[in-house]
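Taking it in order: structure first as structure tokens, then the write-up.
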Amino acid sequence: MKKKTEVFRRNYLKKRCFGEFGGRYVPELLIQALDDLEACYLQAKTDSHFQRELKSVLQSYGGRPTPLLFAKNLSEELTELRESRKSSALRKQRKQPLKIYIKNEGILHTGAHKLNNVLGQALLCMRMGKRELVAETGAGQHGLAVASVAAKFKLAAKIFMGEEDYFRQYPNVYAMKNLGAKVIMVSDGTRRLKDAVNAAMKYWIENLKTTHYLLGSALGPFPYPLLVRDFQSVIGVEAKKQLKQAEGRLPDLLCACVGGGSNSLGFFTPFLSDAKVAMLGIEAGGKSMKLGEHASRMKEPKLGIVQGYKSYFIQNADGQVQPTHSISAGLDYPGIAPELAYLHQQGRVKFLSASDKEALEGFRKLSEKEGISPALECAHVIGKLPVIIQRYPEASFICVNISGRGDKDIFITAKHLDKDAWREFLKRELRSLR
Ligand SMILES: Cc1ncc(COP(=O)(O)O)c(C=O)c1O
């Protein structure tokens, strides 16, 4: 398995594809900039000075390593649930306790895993002699990390955000502006993450000499899927060590939410050659499985080429990308990381989707049981755990990546979970503005 993974990696570098996925489908104008980025990254990868600098800022600015927590109360509840579902004959056998661990990226500075990739790419930007960052953001966590790092390294930052996301994640918009970034609302198309990516790319094409496009997920044209995955792999490297220390063995199952795919790939990658570790990605099931009401690309995977890369996209029979929906802006995107599409095709990573309702349930559950309020993106995984433990009856040791914390979602969760009190609060706030 290890050897197969390495051969595949070498091929990826040569062909710039993961199997049939990935590639570089961009206008001629962008080729030189992507070549420069690729050369810069491959040099930096083997440059001990760069690696030391990255490690140092991840620790001193980011707060790494992030903790691994045994979610005792959640584990007990799910053990009971699993027991209660057993037939009476099986129930007589010895109870097998479930152990759920949480890798908590919400502890990272700026509140989500996005900072890992942003610090890496910001160092690349300066190495290329560029002084401006341009980025897209959905949930605002990537934008917040870009704005913060830009302030720290004295870089200019322009952040594009779909109108829909701009308002539903306004706490992050405010924070980005306060950090000195220019936040540009995108009112084209479906006014979500896909449209923000288009606008950011357009700006980049017009300003290639001075600007680095700091893409926030493991997608887009090569080399982005490679370098974003590598910068995020610090999550899995740490988790592997921490899990071994905690239990003396590797887990049976890893679970992570999947928007573009950066937190899941960062978490999974260091375990890929450990054949006994199963991997599960959770997509946004939204309101229903009707087109336009979810963002589950893997439900009926359809190959396409969009925004510079080949992967699975939510599209109609004519190949037109279709609108998506998710309660969490970070999962509300029609495409998926080409490497995840490949790993799915190989059967290495499986997928399930969790609905908006399950995500809210997950948010409440982790808050109440463990005192951790997760971002709505990874709350999808917690909300799906009752189904996951049924699908994986042999798994007794599970680790979930909590990709971020839930502060940014206050306007969404409060509206759903505490509506009347929230309305009163907003009314008072409005009155105080008069
Ligand atoms: C907290 C959090 N988790 C997950 C995601 C999804 O992105 P990815 O799949 O690239 O990790 C986002 C995206 O904004 C996010 O903010």
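Mind listing whichever residues of the stretch 17-45 are among the charged types (D, E, K, R), surrounded by fewer than 18 Cβ atoms within 10 Å (Cβ to Cβ) and assigned to a loop (DSSP other than H, G, I, E, B)? Spell out the reasoning first.
Initially, the stretch 17-45 is screened for residues among the charged types (D, E, K, R), giving 20, 24, 28, 35-36, 38, 45.
Checking which are surrounded by fewer than 18 Cβ atoms within 10 Å (Cβ to Cβ) leaves us with 20, 28, 35-36, 45.
The answer is Glu20, and nothing else.
Listed conditions (1) within 16 Å of the ligand (Cβ to nearest atom); (2) in contact with a Lys or Arg (Cβ under 9 Å, 6 or more places away or on another chain); (3) modelled with pLDDT of 95 or more; (4) among the aliphatic types (A, V, I, L, M) are all met by Ala139, apart from (3). Only one entry of Leu208, Leu226 meets the criterion of being assigned to a helix (DSSP H, G or I), surrounded by fewer than 24 Cβ atoms within 10 Å (Cβ to Cβ) and either at pLDDT 95 or above or small (Gly, Ala, Ser) (or both), and that entry is Leu226. Can you pull out the residues in the stretch 192-218 that are within 11 Å of Lys158 (Cβ to Cβ) and within 15 Å of the ligand (Cβ to nearest atom)? Matches in the stretch 192-218: Ala200, Leu214. Pairs linking a residue in the stretch 117-140 that is farther than 20 Å from Met176 by Cβ and among the acidic types (Asp, Glu) to a residue that is in a strand (DSSP E or B) and at pLDDT 95 or above, with Cβ atoms under 6 Å and 6 or more positions apart or on different chains, do not occur.
If I filter the stretch 170-183 down to residues being surrounded by fewer than 17 Cβ atoms within 10 Å (Cβ to Cβ) and either assigned to a helix (DSSP H, G or I) or not basic (Lys, Arg) (or both), which single residue comes out as nearest to the ligand (Cβ to nearest atom)?
It comes out as Pro171.
Filtered by the rule that a residue be at negative phi, of a type outside the set (A, V, I, L, M) and more than 14 Å from the ligand (Cβ to nearest atom), the stretch 126-136 gives Arg127, Lys130, Arg131, Glu132. In the stretch 323-349, the residues that are assigned by TED's automatic domain parsing to the domain that holds Gly138 never reach a residue that is crowded, with 20+ Cβ neighbours inside 10 Å and in a helix (DSSP H, G or I) with C-beta atoms less than 7 angstrom apart, at least six apart or across chains. The requirement of being in contact (Cβ under 8 Å) with a residue 60 or more places away in the chain and more than 16 Å from the ligand (Cβ to nearest atom) is fulfilled somewhere in the stretch 276-287, by at least one residue. Looking at Lys103, is it within 16 Å of the ligand (Cβ to nearest atom) and of a type in the set (D, E, K, R)? So Lys103 passes the test.
Of the helices (runs of 4 or more DSSP H) lying entirely inside the stretch 46-155, the ones with 1 or more residues being among the basic types (Lys, Arg) and not assigned by TED's automatic domain parsing to the domain that holds Ile410 are found at 48-60, 114-127, 141-153.
None of Phe153, Phe167 is surrounded by fewer than 24 Cβ atoms within 10 Å (Cβ to Cβ), more than 14 Å from the ligand (Cβ to nearest atom) and under 16 Å from Ala329 (Cβ atoms) except Phe167. Filtered by the rule that a residue be within 24 Å of Gly22 (Cα to Cα), surrounded by 23 or more Cβ atoms within 10 Å (Cβ to Cβ) and touching a His at 6+ places or on another chain (Cβ under 8 Å), the stretch 338-386 gives a lone residue, Ser353. Scanning the stretch 387-409 for residues that are within 11 Å of the ligand (Cβ to nearest atom), surrounded by fewer than 22 Cβ atoms within 10 Å (Cβ to Cβ) and part of a helix (DSSP H, G or I) yields one hit, Asp407.
The values are calculated or read from the model by the stated rules, or taken from the named source; none is laboratory data. Bear in mind the structure is a predicted one, so any value in this text is a computation, not a measurement. Cβ coordinates were reconstructed from backbone atoms using ideal geometry, including for glycine residues, and neighbour counts include every protein chain displayed.
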